[in-house]
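Asker: Got a structure for you, questions after.
Every read-out reported here was derived from the displayed coordinates using simple, explicitly stated rules and does not represent laboratory data. Because the structure is a prediction, the values reported are computed rather than measured. All Cβ positions, even for glycine, are placed from backbone atoms using ideal geometry, and neighbour counts span all protein chains on display.
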Amino acid sequence: METQETSLNFAKYLYLVKRHWLPTAAIFFPVFLISLLTLSLKKPAYEAEGKLSFQRTNTISSLTGVGTEISRLEPLVTDRSNPLNTEAEVIRSVPVVQKTINQLNLKNKKGKPLTIKEFMKMLTIKDVKGSDVLQVSYRDTDAKTAAEVVNTLMQNYLDQNIVFHRMEVAAARKFLEEHLPKAELVVRKVDAQLRQFKEKNQVVALTEEATRAVERMADFHKQIGDSQSRIADLDAQSRAIRNQLKMNSQQAVSTTSVSQSRGVQDVLTEIQQLETRLAAKRVILQENHPEIINLKSNLAALRQILKTRVKEVVGTAPSNVNHNLQIGELQQTLSARLVELETTRLGLTNQVMALSNLQGNYRNRLKLLPRLEQQQRELQRQLEAAQSTYSLLLQKLQESRIAENQNVGNARIISAAQVYEDPTSSPMISYLSAALIASLAGLASMYILEARDKSIKTVDEVKELLKLTFLGVIPAFSNSKKSPRRQEELEPYSQRLVVRNIPRSPISESYRMLRANLKFVSADKELRTMVITSSVPQEGKSTVAANLALTIAQMERKVLLVDADLHRPVQHRIWDLTNDKGLSNVIVGQAQLKTAVKTVMDNLDILTAGVVPPSPASLLDSRKMAGLIETFAATYDFVIIDAPSLTVAADAATLGQMADGVLLVVRPGVVDSVNAAIAMEVLEKSGQNVIGQVINGVIPENERHSYYYFNKEYYAQEQVALQKS
C-alpha cells in the first residue's frame with residue numbers, strides 16, 4: 001500500500017513538472033547564472049577549528065569526594081538528548097559570544113561591530129561522533145582572525161563554565177547558611193515539645209509501664225477474687241449465727257454490751273426482785289393498796305434507771321427493758337463471733353473496693369497508653385526528621401565551603417585552532433550552491449503557478465471536488481497539446497459522432513460503458529427522461545448527449561434527442577440538419593411536433609432547438625414545455641435533453657425538475673473549481689436528482705492511474721480515422 005501511494009505521489013509530481021516545465025526552466029537558468037556569478041565574486045573563506053574535551057565528572061571532585069554532582073554531565077531527558085548539545089548551546093550563548101566579539105573587536109564588511117546574528121552564521125559547533133568532544137569551527141576571510149576567534153571563544157567558555165559552577169556552589173552555600181539556624185530551631189522546638197509531653201503525662205518508658213500495668217491488673221484481679229471468696233464464706237457464717245440468735249449483728253453487739261455492763265445488770269437484778277415481791281403482794285393485797293402502789297412506783301423508777309443506763313451503753317433505749325438484756329455465755333460467744341465476722345467482712349469489702357479502684361485506674365491508664373505512644377512516636381519522628389535535616393544541612397554546608405574553593409570545571413581544550421592558508425570553498429561547492437538556489441526558485445515558481453491555477457486538471461480532482469456518482473470517462477478526440485477549450489472549438493462537428501463513425505474505437509466503448517452504468521444506476525426506478533448539462537460551455541455536453549443517444553438507439557430502444565440549448569444550439573450542426581423548425585417553434589405553436597422531429601437513423605429522432613428566441617427561459621419554464629416532456633416520455637423509450645450550461649442560464653435546473661434526472665458533464669482543463677462549485681450549488685439548491693457525472697475529454701497521458709490509459713496503437717488508428725472522415 002505504501003509503495004502504491006509513493007508511486008502515485010511521484011506520478012503527481014512528474015505531472016506537475018510536465019505542466020510547468022517551461023516557466024520553471026525560464027526561472028531556473030537565470031537564477032543559476034546569477035547565483036554562480038555572485039558566489040564567484042565572493043572572497044575566499046578560511047575555516048579554523050578547535051576541540052574541547054569533556055569529562056563526565058571532575059577529577060578533583062572525584063578525588064576529594066566533594067562537589068561530584070556540581071559539574072556532572074547528565075542530560076535532562078536521557079533517551080533523546082545529549083549533554084554535549086547543551087554545552088554547545090552554552091558556547092553559542094550571548095554572553096560568551098558577545099565577550100569574544102568585544103575582546104577581538106570584530107567588524108563586519110561595513111566596518112561596524114559584528115552582530116551576534118552575523119557571528120552565528122560563521123560559527124559551527126558539532127560533537128565528534130563516538131566521543132565526548134565538541135568541535136568548534138569559525139569561517140572568516142582572514143585565516144588568523146578565524147583561529148583567534150575559535151581560541152578566544154573556547155577560553156571564554158571555559159572561564160564562564162568555572163565561574164558558573166562556582167556561582168552555583170556559592171548560591172547553595174548561602175542557602176544552607178540561611179536555613180541551618182532554622183533547622184536547629186526546629187530541633188530545639190520539637191525536643192522541648194517531647195520533654196513537655198513526657199512531664200505532663202508522667203511518661204518514662206511506655207512499653208515497660210504497659211507491661212507492669214498488665215501484671216498489676218492480673219494481681220489485683222486475683223486478690224479481688226480471693227477477697228470475694230472470703231466475703232462469701234463470712235456471709236455464710238454470719239447468716240448461720242444470725243439465724244441462731246434471731247438477731248442481726250447490730251442487735252448482737254448491743255445485747256452483748258448490755259449483758260456485760262455491771263450497772264445495767266445490777267439494776268436489772270433489782271427490777272427482777274421488785275417484780276417478784278410485787279407479784280407476791282398482789283396475791284394478798286389489792287391494787288390500790290399503798291404497798292402495791294409503792295412497789296409499782298419503785299419498779300417504774302428502776303425501769304427508768306435501766307433505760308438510762310442501757311441508752312448510755314448502746315446509745316438507744318431498748319423497747320423491752322426486761323428482754324434481751326441478759327444472755328447466756330453461749331449467746332455471748334456467738335454474738336462476739338458474729339461481730340467478729342461482720343467486722344472481717346466489712347474490712348474485706350473495703351479491700352475489694354480499694355483493689356477495684358486501683359484496677360480501674362490501671363485500666364484507664366492502659367486505655368490511654370496507645371494514644372500516648374502514638375503522640376510520643378509522632379514527636380520522636382519529628383525530632384528524628386529535624387535532627388536528620390539539621391545534620392544533612394550541616395554536612396552539605398561544610399562540603400559546599402570546600403567545593404567553593406575547588407576548580408570544578410570538567411572541560412579542557414585538547415586542540416587549539418591553527419592558522420590555515422587554504423580556503424574552504426571550492427568551485428564545485430559554488431556550482432552546487434547555485435544549482436540549489438536555482439532549484440528552489442524553480443520549485444517556488446512551480447508552486448505559485450499551481451496555486452494560482454484554479455482549473456480542474458485530472459479525473460481524481462473532479463471526483464474529489466464534486467463527489468458525485470462516477471459513471472464514466474470519455475477520452476479526448478485528439479492528442480493535441482492545445483488547450484482543451486480551444487481543442488473543443490476546433491473539432492469539426494461531423495467528427496463528433498464517434499459511435500457512428502468509428503464504432504470499435506475506445507471512445508465508442510466509453511460511451512457504451514456510460515450507457516451500461518446508467519442502466520445500473522436506474523435499476524430501482526426506470527430512467528425515461530434525462531437532462532445533460534455542464535458547468536461551463538465547451539465541456540462537450542452536446543457531443544456526449546449525441547453519442548449517448550446513438551449507443552442507446554443501437555440497443556433497439558426508441559430514443560429522442562432534444563436540443564434545449566436555446567442560447568447556443570449545436571445539435572443540428574452535429575447531425576447536419578436544418579434548424580428552421582424546432583423546440584422553440586413547437587412551444588409557441590408555430591410548428592407541429594410531427595414536422596419538427598427528424599429521424600436520423602433507426603430508433604433515433606432529433607428535435608433541434610429551432611429559432612433562438614429572445615427569452616429562452618420563459619419558453620422552457622412553461623406548462624407547454626412540461627406537457628411536451630410528458631408526451632416525449634409516453635412516446636419514446638428514452639428522452640435525452642441537451643440543456644445549457646449551469647453558469648450560463650438556469651434552464652438546466654428548470655428542465656431537471658421536469659425530467660427524471662440530471663447528468664453532469666465535466667471536462668478537465670476547461671472547467672475550474674469555482675464554476676464547478678457554483679454548478680453544484682445550483683443543483684443542490686434547486687433540489688435536482690443528479691444521476692451522476694461523466695468526465696469528458698480526458699487525455700490519457702495526463703492521468704496518473706493505469707485504468708485511464710488506452711491502447712496507444714489503437715488510439716492512433718482512431719485519430720487517423722477521425723481525420724479521414
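Asker: Which entries in Lys541/Lys685; Lys222/Lys367; Lys467/Lys541; Lys525/Lys685; Lys51/Lys99; Lys558/Lys685 show an alpha-carbon gap greater than 25 Å?
Answerer: Lys558/Lys685
Asker: Let me ask something additional. From the backbone phi of region 585-591, what are the Karplus-calculated ³J(HN,Hα) couplings (6.51 cos²θ - 1.76 cosθ + 1.60, θ = phi - 60°) in whole Hz, Gly and Pro given as x?
Answerer: For region 585-591, the Karplus curve yields 5, 5, 5, 7, x, 7, 8 Hz.
Asker: What ³J(HN,Hα) values, in whole Hz, does the Karplus curve 6.51 cos²θ - 1.76 cosθ + 1.60 give for region 601-608 when θ = phi - 60°, with x put for Gly and Pro?
Answerer: Residue by residue, region 601-608 yields 6, 4, 6, 9, 10, 10, 10, 6 Hz.
Asker: Loop only per DSSP, at most 16 neighbouring Cβ atoms within 10 Å: give me the trypsin sites (Lys or Arg not before Pro) in region 502-610, ordered by residue number.
Answerer: Sites meeting the loop and neighbour criteria: Arg504, Lys525, Arg557, Lys558.
Asker: Is the shape of region 529-603 rounded, prolate or oblate, going by the alpha carbon gyration tensor and its root eigenvalues a ≥ b ≥ c, with a/c under 1.5 for rounded and a/b larger than b/c for prolate?
Answerer: It is oblate, given that a/c is not under 1.5 and a/b is not larger than b/c.
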